[in-house]
Amino acid sequence: MISGGDGLVPEDAVVVPGVPNLHSHAFQRAMAGLAERAGGDFWQWRETMYRFLAVLTPEDVRAIAAQLYVECLLHGYTSVAEFHYLHNAPDGGAYDAPAEMANAIIAAAEDAGIGLLMLPVLYRRSGFGGAPAGEGQRRFVLSQDRYARLVEDLAARVPVGVAPHSLRAVTPEELAWAVELAGERPIHIHIAEQTGEVEACLAWSGARPVQWLLDHAPVDRRWCLVHATHCDATELQRMAASEAVAGLCQTTEANLGDGAFPLHAYLDAGGRFGIGSDSHVSTSPVEELRWLDYIRRLETRTRRSLGAGLLDRATEGGVQAFGGGARQDFVVLDAEHPALVGRSGASLVDAWLFNGNGNPVRDVMAGGAWVVRDGTHIRGERIAADFRAAMRRIMARL
Ligand code: NGQ
Ligand code: ZN
């Protein structure tokens, strides 16, 4: 925790570092709550998600992403790593500019004033074994050539990492190529989220996904392994030793019925993690961390908790997953808020994480600029109006 009085914030202010949101698919904010009735499993949810994204225009994505980023800022996230795979037009044809869709994300991040790590996604295949991507994936697929040009174009304008979607979506050769292209940049990949994925990987290679990745790729501090839900003890130890960051997205993982990452064993092994709002069923780091803690208490039937340490570790791991570097990202909490009043130090952060459902975030500085003042985003009203118009358009189209 940082104290006030540095000239930027009032002497008595409670200031905590802004939380990096290390995994986002912005467009999914607009379908949160839309796929809760059918039951089914992860793969059926994915079909619904594919049908939803098929109707989105760049203008829609810009409006959705701006609203999402405002909501993230209001809750204390100050930067977002956008795992962006919506590259092509609805019919799968290329837009004139390879960055047409990515530009909608960049414009939204600028409008909201959130820090952005752009993660253009390499998506080529429909599963282990290298079968071509399917119909529902037509908006994701770029040639390696076009992908390399997209990375280069984006990198000239914003911080960029490289993101092979998953071991399902690229061949080993394509993965190696992407890692080469990344150089020193961050590398993010989805891995081992579903047991079905673990089984398919075993059938394909004889190895579990995390094991396969650690055996075949130079996994190190540059890497963010998103989900990594299903790891055995050896995989956990090796992943911790690699110094990669586990990208935990607890509320989405709960929503999709993924399973629970073995967090305690991983932390005991010295593992690093950060948090992401992923499908945006929640846009609050508090809810993300609270669930992360509560699920382990339920599992172990203990009150073992990391308390305030959760926030510190998630922030540290998040910064690493963004490629490091210092930004002026601060969150000012309202010390007079009923949830916080009378608390100080770590017990104040505990109260933020575990006390009730109010939002004591008062002001937010992202990248050196105040974007939330007195609980209100400086451009929030107009961004919300754009979002409402976009939602009405989209729902009429579905
Ligand atoms: C995604 N989302 O890319 O949006 C994925 C689902 C997949 C999450 N895993 C698609 N939460 O993994 O194939
Ligand atoms: Zn994801």
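Readers should treat all values here as calculations from the given coordinates under stated rules, not as data from a laboratory. A quick note: this is a predicted structure, and the numbers were derived from the prediction, not measured. Positions of Cβ are backbone-derived with ideal geometry, glycine not excepted, and every protein chain shown enters the neighbour counts.
May I ask you to sort 78, 48, 300 by Cβ crowding, counting other Cβ atoms within 10 Å and putting the fewest first?
Starting with the residue having the fewest Cβ neighbours, the order is 300, 48, 78.
With unit charges on the beta carbons (Lys and Arg positive, Asp and Glu negative) and the dipole taken about the Cα centre of the chain, which residue among 387, 33, 171 sits farthest to the positive side?
Most positive-ward Cα: 33.
For region 334-398, what relative contact order do you get, as a whole percent, if you take Cα pairs closer than 8 Å and at least 6 residues apart?
19
Rounded if a/c is under 1.5, else prolate if a/b is larger than b/c, else oblate: which is region 9-121, with a ≥ b ≥ c the root eigenvalues of its Cα gyration tensor?
Note, shape of region 9-121 comes out oblate.
Which residues' amide hydrogens lie under 5 Å from the amide hydrogen of residue 223, considering only partners 5 or more residues apart or on another chain, with H built in the peptide plane?
Long-range HN contacts for residue 223: 187, 245.
So what J values fall out for region 126-142 if you push phi through Karplus, 6.51 cos²θ - 1.76 cosθ + 1.60 with θ = phi - 60°, rounded to Hz, Gly and Pro as x?
9, x, 4, x, x, 4, x, 4, x, 3, x, 9, 5, 7, 9, 7, 10
Arranged by the count of other C-beta atoms within 10 angstrom, fewest first, what order do 171, 252 take?
The order, fewest Cβ neighbours first, is 171, 252.
Just grab the label-to-label distance for residue 312 and residue 370, each label 7 Å out from Cα along the Cβ direction, in nm (one decimal).
For residue 312 paired with residue 370, the spin-label model returns 3.0 nm.
If a paramagnetic tag sat 7 Å from the Cα of residue 185 along the Cα-Cβ line, which residues of region 147-169 would have the backbone N under 19 Å from that point?
It comes to 147-167, 169, nothing else.
Quick check on the chain: helices-only [θ] at 222 nm, where DSSP H runs of length 4 and up contribute -39,500 (n - 2.57) each and the sum goes over total residues. Nearest 500, please.
So the calculated ellipticity at 222 nm is -13000 deg cm²/dmol.
Tell me, 395, 239 in order of fewest to most beta-carbon neighbours within 10 Å?
Least crowded to most crowded, the residues run 395, 239.
Restricting to the chain, compute how many DSSP beta bridges are antiparallel as a %, nearest 5.
Here the share of antiparallel DSSP bridges comes out near 35 percent.
Using amide H atoms built in the peptide plane, which far-off residues or other-chain residues are under 5 Å from residue 14 H to H?
333, 335
Would you please classify the overall shape of the chain from the alpha carbon gyration tensor, given that a ≥ b ≥ c denote the square roots of the eigenvalues, rounded means a/c under 1.5, and beyond that prolate means a/b larger than b/c while oblate covers the rest?
Here the chain falls in the oblate category.
Out of 256, 246, 219, whose Cα points farthest toward the positive end of the dipole of region 219-266 (charges: +1 Lys, Arg; -1 Asp, Glu; placed on Cβ)?
The one lying farthest along the dipole's positive direction is 219.
Relative contact order for the chain: what is it in percent, counting Cα pairs under 8 Å that are at least 6 residues apart?
Computed over the chain, the figure is 21 percent.
Show me the ranking of peptides 278-289, 353-364 by mean Cβ neighbours inside 10 Å, starting with the highest.
278-289, 353-364
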